[in-house]
Each structure stands twice: as structure tokens, then as C-alpha cells.
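Only one structure is covered here, and it is reproduced in the block below.
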Amino acid sequence: MISVREWMKGTRVALALTLILTLVFLSFSILSAMSYSQVIVAQQKIVLENPVRSASVLANGTLKIEFSVGVVNPSGYAIHITTLSWYTQIDNSSGTPPVIPLATQYYSANSALTISAKETRKYVFETYITDRSTLTALKGYVNFSNAHGHTITLATAEYSHNFDIRGWLDDFKHDYFREEYLNELVDIDLPYAYPEVVG
Amino acid sequence: MRAEREDLYGLVASALLCSTPIAYITFEFVLPNVSFPSFSSNLLVVLLIAVMTGIPAGYLNKRTDFAIVSVIAYTALGYALAFAFYSVPFMFYHVQQVIPDLYYALFLRLTVILLFVFVVGGILGMIGGQLIRDSTGRKETKLLWGE
């Protein structure tokens, strides 16, 4: 009967080569499982923080609307932004037009915006409404609301804000056509809507 | 024919040592974009690695039936390891799973074809491994390489 030691001695070259193969693939597996875990953790920790909305009427009658929000990225991966958009409007459900659009800002992937690893980036958007027809529509909305029991002004009206930031983590491949779950794995999509849309 | 100790050593060694390539390839096949190095879920690469993985199983096992059982054993063990690597975020990073059934069903659905490739490739590699073993055991080979 042959012992383990004798058997190993007889096959030492083959065993050593197989052990190298094993260790190489084991390290690949551990590395990949760790980056998978870190991507999943990053997906959960990247959030929007402290959205601030404000509106004020300047001395010359111009309406200034401002919106700011922070994007917190505590992960070790940079975020490459594909879409950064913000728009504000008044939802005039009881009148015409049903929506009074006020401002829109949009940045696509061509802008090559990035948020570095472990960074909190604050985005500030502001718009000045000087257009006479828009201001007239807004004043009509305010007057109509006040005639129905509200007490609002141009500065305190409920302007709706919609913000959305989309991007992908680091340099992970993110343009699969068939296996779309792979895109979602490394994609970031953080929408913000005020007032919140239910349903 | 009764199994000898030597056969069991070969079986256990090849089952343990050959399982990690199977585990990595299975994991990489499901998540190619977060794996390093990535073979982009290429089935030809999977087959080549399966053949390469089968060679030690053929070399370490003298008997062909044990070599075939080794291929099946390391494939099963490697697949189980891939399952474990796939679960790492939920085992060690305290990430909550939303729909566990769907999560694991996706893994099984995507990788079931690989089991066939691993076994077929493994047996092809095993044949190569046994040929190498036979060749190195011959006196002619020793004389040829000794010159």
C-alpha cells in the first residue's frame, strides 16, 4: 500500500502545477467576488442628500427659482454621469395650461461629468423668470388659488422640481444589449421629485 | 476491480485542486463586467479552460473510471464554490436580498449549460492527461528526454 507522502512524491510536478492553477483561479474568484460585493454596497450607499428648494421675487419683479441637492458617493468608485437633468414647473391642474413650464437643464454623457470616489458633490440650479407671458400665467395661477382659499404668493407657490442623475460606476462595462441585468449592476439612477408622485 | 488507496488520493486531489477554475468561470459567466480577468462569457474560452482543467484529473488518476468521477466531482465542487462566491455580498457585507428565489434562479438558468461544457471539456482534457501520464511512464519517453 502506498502512503500519501509517497504518492505526492511521485506526482509532485503535476501537483505543483495544479496547485498553481488553483491558486491563480482562486485569487481571481476572490478578487471578483470582492469587487461584486463592493459594487452592490456602493449601489446602496450612493444617495441624494439635503435637497433645498427656494423661490424669491427680486426688486425688478423677476422671479428667481433655485434648487440644490448633494450627491453622496462614499464608495471607492468614480461615477461617470450619463444624464443629469432638472426641470421645474407649476402643475396647474384646475386651469389652462395644465402645466406652466419654468426651466429645464440637461447634461448628457458628452459633458463628461464625473463624481470622484468618496466625494459629495453639490449641484445648484437656478433660473430667472423674466418672460412677461410666463409671469402673467404664474400670477393668474396665484390669484386663482387665492380666490379658492389658499394664501400663496409667487415666492411661496408650490413649484414642482424633478431632478435625475444617471451614470455608471468606474470603468465597468455597462452597454450590454442582451443581458441588461449586467448594465443595472453598475448603473446608478437617483431620481428626486417634489412633490412626491404617488403610484 | 477494487479501488486502491492511490486511486482515492488521485480522486480527492483532483476534485479539490481542479474546482477553482470551474468556480471562477461560472462566476465570470454570470457577472463578466465585475470580474477580473473577464472572458466576456465566451463559451469557447470556457471550453478551453474546461479542457485545461481536465488534464490534471487525467494525469493524477491511473484508472479511467476514477478520472471520470474526478471530473464530475470537481465540476460539482466548483459549481458549489461559484454559488458561494455569488452569495458573498449577502454572507459577508450584510446586503439584504430582495427576491432570493429570483436571484438564485437567474444564476442556475444562466449557468446550467456550462455544466455540460465543463464535463465534456473535462473528459477531453482528462483523455489528454492520461495520454501524458502513459507517455511519461514509458521507457522510450524517458530515453528520448534523457538524451
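The values are calculated or read from the model by the stated rules, or taken from the named source; none is laboratory data. Because the structure is predicted, anything quoted here is derived from the model rather than measured. Reconstructed Cβ throughout: ideal geometry from the backbone, glycine too, with neighbour counts over all protein chains shown.
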For the stretch A:37-51, enumerate the residues that are in contact with a Gly (Cβ under 6 Å, 6 or more places away or on another chain) and in contact (Cβ under 8 Å) with a residue 24 or more places away in the chain. A:E49
From B:F118, B:F90, B:F107, B:F85, grab the single residue that is at negative phi and more than 24 Å from the chain's Cα centre (by Cα). B:F90
Condition check for B:L47: in contact with a Gly (Cβ under 6 Å, 6 or more places away or on another chain) and either at pLDDT 90 or above or charged (D, E, K, R) (or both): yes
Please specify each residue of the stretch A:1-14 satisfying the condition of being within 7 Å of chain B (Cβ to nearest Cβ) and either part of a helix (DSSP H, G or I) or under 12 Å from B:A13 (Cα atoms) (or both). A:V4, A:W7, A:T11, A:A14
Within the stretch A:47-76, restricting attention to residues that are in a loop (DSSP other than H, G, I, E, B) and in contact with a Phe, Trp or Tyr (Cβ under 9 Å, 6 or more places away or on another chain), which residue is surrounded by the most Cβ atoms within 10 Å (Cβ to Cβ)? A:T62
For the stretch A:154-164, check the following and say yes or no: at least one residue is modelled with pLDDT of 90 or more, within 30 Å of A:S35 (Cβ to Cβ) and buried (at least 18 other Cβ atoms within 10 Å of the Cβ). yes
Given the conditions (1) within 11 Å of chain A (Cβ to nearest Cβ); (2) over 27 Å from A:I40 (Cβ atoms); (3) aromatic (F, W, Y); (4) under 12 Å from the mean Cα position of the chain (by Cα), and given that B:Y59 satisfies all but one, which numbered condition is not satisfied? (4)
Does the stretch B:119-130 contain any residue that is in a helix (DSSP H, G or I), within 12 Å of another protein chain (Cβ to nearest Cβ) and more than 29 Å from B:Y9 (Cβ to Cβ)? no
Hey, any hits in the stretch A:166-174 for a residue that's away from chain B (no Cβ under 14 Å) and closer than 26 Å to A:V124 by Cα? yes
Given the residues A:L26, A:L21, which is the only one that is modelled with pLDDT under 95, surrounded by 13 or more Cβ atoms within 10 Å (Cβ to Cβ) and at the interface with chain B (Cβ under 7 Å from one of its Cβ atoms)? A:L21
Among (1) more than 9 Å from chain A (Cβ to nearest Cβ); (2) farther than 30 Å from A:V13 by Cβ - the single one B:Y79 does not satisfy: (2)
Of the residues in the stretch A:170-199, those that are touching a residue at least 60 places away in the same chain (Cβ under 8 Å), under 30 Å from B:V30 (Cβ atoms), touching an Asp or Glu at 6+ places or on another chain (Cβ under 8 Å) and assigned to a strand (DSSP E or B) come to A:L190
Only one of these conditions is not met by A:H150: (1) at pLDDT 90 or above; (2) surrounded by 12 or more Cβ atoms within 10 Å (Cβ to Cβ). Which number is it? (1)
Going through the stretch A:129-162 in order, the residues found to be under 15 Å from A:D91 (Cβ atoms) and of a type in the set (G, A, S) are A:A137, A:G140, A:S145, A:A157, A:S160
Within the stretch A:107-138, track down each residue that is assigned to a helix (DSSP H, G or I), surrounded by 14 or more Cβ atoms within 10 Å (Cβ to Cβ) and of a type outside the set (A, V, I, L, M, F, W, C). A:T134
Would you tally the residues in the stretch B:19-47 being facing another protein chain (nearest Cβ under 7 Å), of a type outside the set (A, V, I, L, M), closer than 28 Å to A:A16 by Cβ and buried (at least 21 other Cβ atoms within 10 Å of the Cβ)? 6
2 or more residues over 20 Å from A:L182 (Cα atoms), in contact (Cβ under 8 Å) with a residue 40 or more places away in the chain and in contact with a Leu (Cβ under 7 Å, 6 or more places away or on another chain): qualifying helices (runs of 4 or more DSSP H) within the stretch B:14-100: B:19-30, B:43-60, B:64-86
Every residue in the stretch A:149-165 that is in a loop (DSSP other than H, G, I, E, B) and either in contact with a strand residue (DSSP E or B) (Cβ under 6 Å, 6 or more places away or on another chain) or within 14 Å of chain B (Cβ to nearest Cβ) (or both), please. A:L154, A:A155, A:Y159
